2 protein chains.
Amino acid sequence: MNKGVIGFIGLGIMGMPMAGHLLKGGYTVKAYDLQPANVERAIIQGAVGCKSISEAVSTAAIVISMVPDSPDVEKVYLGEGGVLSAVKPGTLLIDMSSISPVMAKRVAEAAAQTNCPMLDAPVSGGEVGAREARLSIMVGGEAALYERALPVFSLLGKATLCGPSGSGQVVKACNQIQVALNLIGMSEALVLGAKAGVDPEIIIQVLSAGYAQTRVMDVRGPRILKGDYTPGFRSRFHYKDLNIIRETARAYGASLPASALAHELYSAMLANGWGDLDHSAVVKVIEQLSNCELPVKA
Amino acid sequence: MNKGVIGFIGLGIMGMPMAGHLLKGGYTVKAYDLQPANVERAIIQGAVGCKSISEAVSTAAIVISMVPDSPDVEKVYLGEGGVLSAVKPGTLLIDMSSISPVMAKRVAEAAAQTNCPMLDAPVSGGEVGAREARLSIMVGGEAALYERALPVFSLLGKATLCGPSGSGQVVKACNQIQVALNLIGMSEALVLGAKAGVDPEIIIQVLSAGYAQTRVMDVRGPRILKGDYTPGFRSRFHYKDLNIIRETARAYGASLPASALAHELYSAMLANGWGDLDHSAVVKVIEQLSNCELPVKA
């Protein structure tokens, strides 16, 4: 049974598997990406390939976007030939990109002007979560719209309504603060231990079993011990999220010294060419600062 | 069956219940504290009250110390009338205080000179862990000594041998880095959310269910939502541990920028008179910086 047309914009490492789940879930997906090769791959999955945003969204009941950053969302929705210039009134717009809450609200307000309701619905869970349809979806907007979008969200993971427009992006920013500081805490613990001659495996073992436990240590601790920084979630994306966090803090008047420091440490990752390593590789920055290398086991 | 004499020095909020577990476990406990009132309370529990360190340790097979900080341990063991001046050769010395690894090694070396083997064995788990005999005990020293001490440790919680002398203190320091940064991450997430108008309960709910999860959030998140900062683990003790962490980092040549920041934020807690609140109250420093108050539910 066909459930209707979804216009899907942005077929990257996150968007492509998400579009696949919507296709398997019975939707017609009209797919657009800046890179024609990505559109071709979506066609192979069963999507209708589109050459423009307007082609992808003009007959859609729902539009979903999954693009890298705030300026991309601005361009996709508000730019020339963008979503708002092509979409039918009443179409439900869902931006699932991780962007600034301020931009999310701005775009939602512009959408309301053209009689399109909009939700911000950024996700966490990374590439694995997208492939396995186990994303955590943080939704900002009206409750009735959230209910309308639930059948779509349920094909992609688990959704939570966080509050009015922009709130999904705020909670995503909060999530990324906590994850970054959990990773940096683990990094400084491991480096202090290494400098003092303690086996990093003991540190992970003891900390994991007690009050210091974190999910990121459960998942990534054993891989750090092997020197394995395969993403997961790439450092350059966490750096981007930390940019958003700082912008958001500035916009709302929050002073967040540890997040500011995290931003600088992830900036060092990019400066060192480590942007495509998993974000747990921030330990390499602490190793560098301390002129030490964690001992690695095969 | 009497298992022998333990000289126990330091009957504070941690030491008192620990001494109680040793008494219940069949040891004779000869108890000393700087405050006579604490010795009186230990006598009520069944201990032999002592008026000096030398009285407490001179007939002991094992000496355990649980005192506030590095200078206290130095004085208890190396000072005039201290443990090393009064103890029988061969007595097993176990310092369970949380102190600098450098001091732990120094005292152990001095103990070796007087033919007493020594372990450093700091704990995590706080007042509740001490009362419920569920401490995590991080042990530094020789494996044979660790085995010899296990019957005692098993009455207090779960022990892990972390490496040679000083390693227990190193792992404790690592643990306190991770816990501090987990708490600060939660604090900055909650304050950013509050400033942006998102319900803190939603933030705790979403973050706890995903990759951002931490044990401290599981335990303390719901209490922060109620404005409940009853310790748990007092901020002034975490500040003390952060002092140790910075000293240790300096001694071993580790550069730990986030731990240094954590140290300053806990310093602000003491400056504001919040040292006896639970260490999760570091959120109050972030609230203060951001001129905001988290909404509190009854």
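The values are calculated or read from the model by the stated rules, or taken from the named source; none is laboratory data. In this text the structure is predicted, and so the values were computed from the model without any measurement. So basically every Cβ, Gly included, is an ideal-geometry build from the backbone, and we count neighbours across all protein chains shown. Keep in mind that these areas ignore ligands, DNA and RNA; they rest on the heavy atoms of the full protein, side chains included. Shrake-Rupley method; radii C 1.70, N 1.55, O 1.52, S 1.80 Å.
Worth pointing out:
- Residue satisfying condition, being under 25 Å from A:K88 (Cβ atoms) and assigned by TED's automatic domain parsing to the domain that holds A:K88, within set A:E127, A:E109: A:E109
Every residue, every condition in (1) in contact (Cβ under 8 Å) with a residue 60 or more places away in the chain; (2) in contact with a Leu (Cβ under 9 Å, 6 or more places away or on another chain), yes or no:
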residue: A:Q176; (1), (2): yes, yes
residue: A:V179; (1), (2): yes, yes
residue: A:D218; (1), (2): no, no
residue: A:G221; (1), (2): no, yes
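- Against the criterion of being β-branched (V, I, T) and out of contact with any helix residue (DSSP H, G or I) (no Cβ under 6 Å at 6 or more places or on another chain), B:V57 does not qualify.
- Enumeration of residues in segment A:1-47 that are open to solvent by 60 Å² or more (accessible area, probe 1.4 Å), among the polar types (S, T, N, Q) and modelled with pLDDT of 95 or more: A:Q35, A:Q45
- Filter result for B:A144 (more than 10 Å from chain A (Cβ to nearest Cβ), farther than 17 Å from B:G15 by Cα and of a type in the set (G, A, S)): yes
- Filtered residues of segment B:83-110 (kept if of a type in the set (S, T, N, Q) and either open to solvent by 20 Å² or more (accessible area, probe 1.4 Å) or closer than 18 Å to B:E247 by Cβ (or both)): B:S85, B:S97, B:S98, B:S100
- Segment A:224-260, residues that are more than 7 Å from every other protein chain (Cβ to nearest Cβ), open to solvent by less than 50 Å² (accessible area, probe 1.4 Å) and in a loop (DSSP other than H, G, I, E, B): A:G227, A:D228, A:Y229, A:P231, A:G232, A:F233
- If you go through segment A:261-271 and keep only what is open to solvent by 60 Å² or more (accessible area, probe 1.4 Å) and away from chain B (no Cβ under 11 Å), you end up with A:L270, A:A271.
- Matching option when the condition is outside the structural domain of A:V102 (by TED's automatic domain parsing), under 30 Å from B:C162 (Cα atoms), at pLDDT 95 or above and charged (D, E, K, R), among A:K284, A:K240: A:K284
- Residue that is nearest to B:E287 (Cα to Cα) [pool: residues in segment A:289-298 that are open to solvent by 10 Å² or more (accessible area, probe 1.4 Å) and within 9 Å of chain B (Cβ to nearest Cβ)]: A:L289
- Taken over segment B:239-259, the criterion of being of a type in the set (K, R) and closer than 11 Å to B:S98 by Cβ is satisfied by B:K240 alone.
- Residue within segment A:276-286 that is surrounded by fewer than 23 Cβ atoms within 10 Å (Cβ to Cβ) and among the acidic types (D, E) present: yes
- As for segment A:29-37, it holds at least one residue that is touching a Ser or Thr at 6+ places or on another chain (Cβ under 9 Å) and touching a residue at least 24 places away in the same chain (Cβ under 8 Å).
- Residue in segment A:190-197 that is open to solvent by 10 Å² or more (accessible area, probe 1.4 Å), facing another protein chain (nearest Cβ under 7 Å), of a type in the set (D, E, K, R) and farther than 21 Å from B:I204 by Cβ present: yes
- Qualifying residues in segment A:82-106 (those that are outside any loop (DSSP other than H, G, I, E, B) and among the β-branched types (V, I, T)) - the one farthest from A:A60 (Cα to Cα): A:V102
- Subset of segment A:111-140 [under 18 Å from the mean Cα position of the chain (by Cα), open to solvent by 10 Å² or more (accessible area, probe 1.4 Å) and small (G, A, S)]: A:S124, A:G125, A:G126, A:A133, A:S136
- Pick from segment B:163-182, criterion more than 7 Å from chain A (Cβ to nearest Cβ) and more than 17 Å from the chain's Cα centre (by Cα), ranking: surrounded by the fewest Cβ atoms within 10 Å (Cβ to Cβ): B:P164
- Of the residues screened, B:G273 is not one that is in a helix (DSSP H, G or I) and either of a type in the set (D, E) or not assigned by TED's automatic domain parsing to the domain that holds B:I99 (or both).
- The single residue among B:G210, B:G185, B:G221 that is open to solvent by 10 Å² or more (accessible area, probe 1.4 Å) and not polar (S, T, N, Q) turns out to be B:G210.
- Of all the criteria given as (1) in a loop (DSSP other than H, G, I, E, B); (2) over 18 Å from A:S85 (Cβ atoms), the one not satisfied by A:A31 is (1).
- Segment A:73-82, subset over 17 Å from A:G166 (Cβ atoms) and under 21 Å from the mean Cα position of the chain (by Cα), residue most open to solvent (accessible area, probe 1.4 Å): A:K75
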